[in-house]
Each structure stands twice: as structure tokens, then as C-alpha cells.
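Just below is one structure, and these are the notes that go with it.
The values are calculated or read from the model by the stated rules, or taken from the named source; none is laboratory data. Computed from a predicted structure; not experimentally measured. Here Cβ is always computed from backbone atoms with ideal geometry, including for glycine, and neighbour counts include all displayed protein chains. For accessibility, only protein heavy atoms count, side chains too; no ligands or nucleic acids. Shrake-Rupley method; radii C 1.70, N 1.55, O 1.52, S 1.80 Å.
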Amino acid sequence: MNKKQLILLITGLLLIIGGVLAFNTYNKIYKPNTIKEGFVYIKTSSTLKDVENELRPFLKRVQPFVWVAKRKKYGNVIRAGKFKIPEGISNNDLINLLRGGKQTPVKLVFNNQHRLENLAGRIATQIEADSISVLNAMQDKSFLSHNGFSEKSALGMYVPNSYELYWNTSAEQFRDRMLKEYNRFWNAKRTEQAKSLNLSKTKVIALASIVQKETAKVSERPIVAGLYLNRIKRNIPLQADPTIIYALKEKFGQDFQVKRVLNKDLKIDSPYNTYQNRGIPPSLIAMPDISSIDAVLQSTKHNYIYMCADVDKPGYHAFASTLRQHNRNAAKYHRWMNKQGINR
């Protein structure tokens, strides 16, 4: 082999090697590498290794992704959030998607959370912030004081609904968003309705929480609300058993079980005892949903001032406008309770 042939051979080999390298590099960057569609959650302060571990179930080959990520310096600009990973996209497109920070919002939902601790735990299952940081943000004294809430009334700021926000929303950002939603909920119409009842927003929510605990039947809530409002107008104590149960749990702990309110319970020393104290309690006893709040604001007009559980219609109440009728209803209910063996 002469010198010219040797040069041609080496040149050919170099071209082949270069072509192979170029082909491999092209494949690493542009060849589809995601094998399924799904969502990935990237935490705040994640490293490239953390992202690699999160993406591993979605990648056909992991090392090419890492190689491209390093070349594009993705490790310096990692953004937290919930991202939708399409099937069949390249490493280049995947990194551009993540680096661009185009998140998929989460639909955050909550209701029936009777204490701030419960609500914080529920929220922490849906966003990145943990329950302790959420609870701390909710209980921040400066925030509460500035916005007219106390630690007892703070739960009323959180209107049960579904909300769209980003998964990496901080505890403080979540709390501030809920304040905006609370102010949006209390529009001019609802504010005027509360004013016509001579009730503050806090008092409306407190009464709504009693209505909420008194009946699970949405259709019955305006009637129950109307009954309590009748009592307030006549300066009659609300005598609402849910407030007694709340007071008992405050005294004996949240695990204290009460299936039947006893006469001795009615003597408990508490501002939430609506048998001994007239008017609406200082704050809500549970988280009322929108139907309960609107039931107070748009209550049914009637003359009822008494009610007890209706044994003939489980879940509903028997209403009365006279004590005589109520005593008959109550006696029937107590006979049923005794027959069921429900003593506490």
C-alpha cells in the first residue's frame, strides 16, 4: 500500500468514525427517548441527580438524557413544579420543557376540615409544602391580626372549593391566595345580605358552621338556618347540640366520642355552650361549605324555633313552632335512641 492509499484509508476511517459519532450525538439529542406519558414532580432545590431519579420511569435510556442535560447546563436552571411528560419526545425537547418551567397546575380541593391542623394536612397532600409549614403560615399572628382574624376564626378564611394553582406553591403563597378567594367570595351581594341580618362575616360563618354540623342535607340547611335566626331575633339561646360536642372535644380532646348529648353536658363551662350563652358563638365550630353559608344569608322564612332528629326520615329533622309539638317530636326521638342503645 502506497502513501496515497494509506492517506485515503485513514481519511475514510476518520469519516466513518466521525459519522458514527455524529449519528450517536444526534440520537442522544434528538431521538425520541420518553416511553410513556405522565406527570413528574420536581421539588424545590432539586439537583440534576434528583431530576434523573424522578424521570427514570419515563426514559428509555437514562444516560443520554444526563449527557444532554449537562451539555445544556440544565443543572444550573432546574425549576420546581409539576410537569406533564409527553410520550415520544427527545431529550432536547424534554430538557427545554423542564427548563422553560411550563408547569401543569394542580386542582387543589378541600372541604369538611374541622380544624386548621386537619386542613394543613389535607393541603400538604396536594402541594409541595409540608403540613407544618402550611399550619405555621395559617397561624401566623401578624397575618391574622392584619386581616382581622384570630386563631379561632382563621379556619373561616378558607372557603371550601376547588382551586387551580401550581404544585410548588409555598405555604405563604397558598395562604395569601386563599385570602384573595375569601375576599372574592364575599362579594357585594353577600356582604349586603350579611349586613341585612345585622351579622358580621365572622358571625355568618360561625352560624353556618352550626348549620353544617346540624344537617348533612343541603336542601334542609336554609330551614335550619332560618330556625336559628328566629331564635336570635327572639333572644332565645340557640341550644345547638353541635356546639356542645365542640366544647366537649375542646375540653377532653378531639378523639372524644359523642353520639348522644347528655343533660350533664349542657352545663359545660364554655363560650361555645349555646344552652347557657345567648347568640352566636365567638367563632366557627367547623368548616362550613358554601351551601351552609348561603343558607344563612338566604334562609327560609318560617316560624320554627324547635327541631330534633326525625326518626321517620333518617338524616332529616322534625321542626316545630310550639314547645308542645317539639316535646312530642323529642319524646319520639328519645324513645328511638333508647331502643337503639345509644347512651353516649
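Data for the structure
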{"read-out": "Radius, Kirkwood style, for region 227-294 when every pair of distinct Cα atoms is counted (Å)", "value": "12.7 Å"}
{"read-out": "Amide H partners (placed H, <5 Å) of Ile85, local residues excluded", "value": "Gly38, Phe39, Val40"}
{"read-out": "Kirkwood-Stokes translational diffusion coefficient of region 35-177, alpha-carbon pairs, 25 °C, 0.890 mPa s, µm²/s", "value": "146 µm²/s"}
{"read-out": "Region 42-87: GluC sites (Glu not before Pro) in DSSP coil with no more than 16 other Cβ atoms inside 10 Å", "value": "Glu87"}
{"read-out": "Helical segments meeting 30 Å axial Cα length and Kyte-Doolittle -0.5 threshold in the chain (DSSP H)", "value": "3-30"}
{"read-out": "Charge dipole (debye, nearest 20) of the chain; +1 at Cβ of Lys and Arg, -1 at Cβ of Asp and Glu", "value": "360 debye"}
{"read-out": "In region 152-197, GluC sites (Glu not before Pro) in a DSSP loop with at most 16 other beta-carbon atoms within 10 Å", "value": "none"}
{"read-out": "Centre separation in Å (Cα based) which lies between region 204-237 and region 55-132", "value": "44 Å"}
{"read-out": "Filter on Lys267/Lys301; Lys141/Lys301; Lys195/Lys301; Lys43/Lys203 - keep pairs with C-alpha separation over 29 Å", "value": "Lys267/Lys301; Lys141/Lys301; Lys43/Lys203"}
{"read-out": "Nearest-10 value in Å² for the accessible area of Ser219, using the 1.4 Å probe", "value": "80 Å²"}
{"read-out": "For region 271-335, alpha-carbon Rg relative to the globular expectation (2.2 N^0.38 Å, N residues)", "value": "1.31"}
{"read-out": "Reported label for calculated Cα Rg over 2.2 N^0.38 Å given (1) 1.54; (2) 1.08; (3) 1.36", "value": "(1)"}
{"read-out": "Pairs from Lys251/Lys332; Lys213/Lys251; Lys217/Lys339; Lys264/Lys339 whose Cα-Cα separation, in the structure shown, is over 23 Å", "value": "Lys251/Lys332; Lys217/Lys339"}
{"read-out": "Net dipole in debye of region 188-344 [+1 Lys, Arg Cβ; -1 Asp, Glu Cβ; about Cα centre; nearest 20]", "value": "400 debye"}
